[in-house]
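Coordinate-derived values only; no laboratory data. Everything quoted here is computed from the prediction, not taken from an experiment. Note that each Cβ is placed from the backbone with ideal geometry, even for glycine, and that neighbours are counted across all protein chains shown.
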Amino acid sequence: MNPTSIGYEFEWRRIEEDKLPAGANAQNEGFFKCAVAKGTILSGKKFETIFEYTPDTVGVHESYW
């Protein structure tokens, strides 16, 4: 929710592999997709962001945004 009197623009981007925290595993990033990568949250309004996860292998997967 945007509690301010102005709109906020946002953009979701994956963190590049060389900038990940120590010990982070960036494999299988293609399993994660952001349905709404950028937009504006208007004053006093809510905004829903959807991340889709569609793996093709069994295991632990993570993605950094």
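Structure summary
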read-out: Estimated FRET transfer efficiency when R0 is 25 angstrom, pair Phe31-Ile6 (beta carbons, to 0.05); value: 0.10
read-out: Distant-in-sequence amide H partners of Tyr64 (H built 1.01 Å from N, under 5 Å); value: Ile15
